[in-house]
Structure formats: C-alpha cells, structure tokens
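Please read the structure below before turning to the comments.
The values are calculated or read from the model by the stated rules, or taken from the named source; none is laboratory data. Predicted model, so just to flag it, every value in this text is computed and none were measured. FYI the Cβ positions are ideal-geometry reconstructions off the backbone, even for glycines, and counts take in every protein chain you see. Accessible surface is based on the protein model in full, side chains and every heavy atom, while ligands, DNA and RNA are left aside. Shrake-Rupley method; radii C 1.70, N 1.55, O 1.52, S 1.80 Å.
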Amino acid sequence: QVQLVESGGGLVQAGGSLRLSCAASGRTFSSYAMGWFRQAPGKEREFVATINWSGGWTYYADSVKGRFTISRDNAKNTVYLQMNSLKPEDTAVYYCAARYSGVGSSNNDDYRDWGQGTQVTVSS
C-alpha cells in the first residue's frame with residue numbers, strides 16, 4: 001500500500017495559480033502511474049490529470065488542458081499539479097492517487113491508493 005499526502009491547497013482569486021504536491025511513501029513510487037482527481041460539492045469525483053511512471057507521458061481532462069501541468073520527481077517520491085489561470089469552477093477537493101501500473105489512466109477504478117485530499121477554492 002502507498003500512503004499519499006496532498007498539500008498546497010488554499011484560497012486564490014480567479015486568474016491566480018496554485019501548486020499542489022502529493023508525497024508518497026514506499027520505495028516503489030517510481031514504478032507507479034499517478035493521477036489527480038477532484039470533487040466539487042454535490043458532484044461526482046472527476047479526472048484531472050495523469051502521468052506515467054517516468055514522467056514522459058501525461059494526459060489531461062479537457063477542462064484543464066493548457067492551464068494545469070502534472071509532473072513528478074521520483075527522487076523525492078512526489079507528484080505535482082501546477083494550476084494556472086484558475087477559475088471558480090476549479091473549486092473542489094483535489095486528490096492524488098496511485099495506480100499499480102506504470103501506465104497512466106483517467107479511470108477512477110484503475111487507482112488503488114488515494115490521499116485525503118486538499119481543498120482548492122477559487123474566488124471570482
């Protein structure tokens with residue numbers, strides 16, 4: 001099992017930026033694909049971005065493409081989500097997740113371990 005701890009959430013004005021971090025435990029982090037998901041109040045959890053084991057492949061939801069960037073540092077067992085040009089509709093709890101496969105995925109069900117989430121609030 002991989003333990004995941006997100007940080008970096010907060011309150012920001014529309015148009016601003018935040019960088020989320022997700023620190024993972026375990027020696028095999030570099031073999032896992034990682035994903036970011038989010039859940040707004042009253043809505044289903046939705047896919048945001050995913051990255052493969054090496055960081056050489058990434059994939060984004062259309063709603064964040066061009067504004068968000070996922071990256072990872074395997075030496076630090078950490079995955080990041082840089083969020084720019086934030087909009088009020090980006091307000092949600094953001095979760096990172098680990099997939100026991102090196103291949104990224106946009107499917108919730110493909111991820112085994114989840115963090116506790118970090119709140120991102122974007123004011124208009």
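Scanning segment 5-45 for residues being in contact with a Gly (Cβ under 7 Å, 6 or more places away or on another chain), over 17 Å from residue 109 (Cβ atoms) and modelled with pLDDT of 95 or more gives a total of 7.
Any residue at all in segment 22-34 that is more than 14 Å from the chain's Cα centre (by Cα) and free of Cβ contacts under 8 Å to residues at least 40 places away in the same chain? Yes, segment 22-34 has at least one match.
Residue 44 passes every criterion in (1) touching a residue at least 24 places away in the same chain (Cβ under 8 Å); (2) among the acidic types (Asp, Glu); (3) over 19 Å from residue 1 (Cβ atoms) apart from (1). Close Cβ contacts (under 7 Å, 6 or more residues apart or on different chains) running from residues in segment 51-78 that are more than 15 Å from residue 33 (Cα to Cα) to residues that are surrounded by 13 or more Cβ atoms within 10 Å (Cβ to Cβ) and among the aromatic types (Phe, Trp, Tyr) comprise 61/47; 68/60. Report, by residue number, each residue of segment 87-100 that is modelled with pLDDT of 95 or more and either surrounded by fewer than 22 Cβ atoms within 10 Å (Cβ to Cβ) or part of a strand (DSSP E or B) (or both). Matches in segment 87-100: 87, 88, 89, 91, 92, 93, 94, 95, 96, 97, 98, 99. The set of residues from segment 101-124 being in a strand (DSSP E or B), in contact with a Lys or Arg (Cβ under 9 Å, 6 or more places away or on another chain) and either among the small types (Gly, Ala, Ser) or open to solvent by 40 Å² or more (accessible area, probe 1.4 Å) (or both) is empty.
Among the listed residues 69, 50, which satisfies the condition of being farther than 19 Å from residue 122 by Cβ, assigned to a strand (DSSP E or B), of a type in the set (S, T, N, Q) and in contact with a strand residue (DSSP E or B) (Cβ under 8 Å, 6 or more places away or on another chain)? The match here is 50. The residues of segment 1-41 that are open to solvent by 30 Å² or more (accessible area, probe 1.4 Å), under 23 Å from residue 63 (Cβ atoms) and in a loop (DSSP other than H, G, I, E, B), listed by number, are 8, 9, 14, 15, 17, 41.
Among the residues of segment 52-66, those identified as under 12 Å from the mean Cα position of the chain (by Cα) and either surrounded by fewer than 15 Cβ atoms within 10 Å (Cβ to Cβ) or of a type in the set (Val, Ile, Thr) (or both) are 58, 64.
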